[in-house]
Amino acid sequence: MSPQSVETRVDRLEERVTALEQLPHRLDVLTLEFSQFRTEVRDEFSAVRQEMRDQGDAIRKDLRAEMREQGETLRAEMRDLAGTLRGEMAQLGTTLRGEMAELGSSLRGEMQELGQSLITRMMVLHEDVISRIALISEGRPRPSGRRKPRKK
């Protein structure tokens, strides 16, 4: 490399100093742009947060409404089912009462028949006992008067 002339060196030095003098201005511009960028990002994040909050509120509201609607539908279905069950139970109760009444009548009849049969058997046995006692009495002499007291 050849030695540079002082003039060339001074020119280059002046160019560098000029470029360095512009640096603070450029830094100020960059700082301003960065600050604006930060503000925009902050605003956008805030907007996104707000949108998410709004959407969450809307979803909650929709879910509550849907749950309320489903609850009302379920309650109505349960009321209908309860009415149907009550009707069926009443019908079954009536049928059961009728069957029990028939069974009671039947049992009463059977019990009366068995009672009559028992009375008849008891009468026969009673007559048999009486006749046996009469037979036994015929074979013994009749006591005259009073009975003698037994000795101990």
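The values are calculated or read from the model by the stated rules, or taken from the named source; none is laboratory data. The shown structure was predicted, so the numbers you read here are calculated from the model rather than taken from an experiment. Don't worry about glycine lacking a Cβ; one is built from the backbone with ideal geometry, like all the others, and counts go over all protein chains shown.
In segment 1-26, the residues that are of a type in the set (Lys, Arg) reach residues that are modelled with pLDDT under 85 and not in a helix (DSSP H, G or I) with C-beta atoms within less than 9 angstrom, at least six apart or across chains, in these pairs: ARG12/GLN4.
The residues in segment 42-70 that are of a type in the set (Asp, Glu) and either outside any helix (DSSP H, G or I) or more than 43 Å from the chain's Cα centre (by Cα) (or both) can be counted, and the count is 2.
Looking only at segment 1-41, which residues are of a type in the set (A, V, I, L, M) and more than 60 Å from the chain's Cα centre (by Cα)? Passing the criteria: MET1, VAL6, VAL10, LEU13, VAL17, ALA19, LEU20, LEU23, LEU27, VAL29, LEU30, LEU32. Between VAL41, VAL10, VAL6, VAL29, which is out of contact with any Gly (no Cβ under 7 Å at 6 or more places or on another chain) and loosely packed, with under 10 Cβ neighbours inside 10 Å? Selected residue: VAL6, the only one of VAL41, VAL10, VAL6, VAL29 that is out of contact with any Gly (no Cβ under 7 Å at 6 or more places or on another chain) and loosely packed, with under 10 Cβ neighbours inside 10 Å. Within segment 111-132, none of the residues are modelled with pLDDT under 95, surrounded by 10 or more Cβ atoms within 10 Å (Cβ to Cβ), of a type outside the set (Ser, Thr, Tyr) and within 44 Å of the chain's Cα centre (by Cα).
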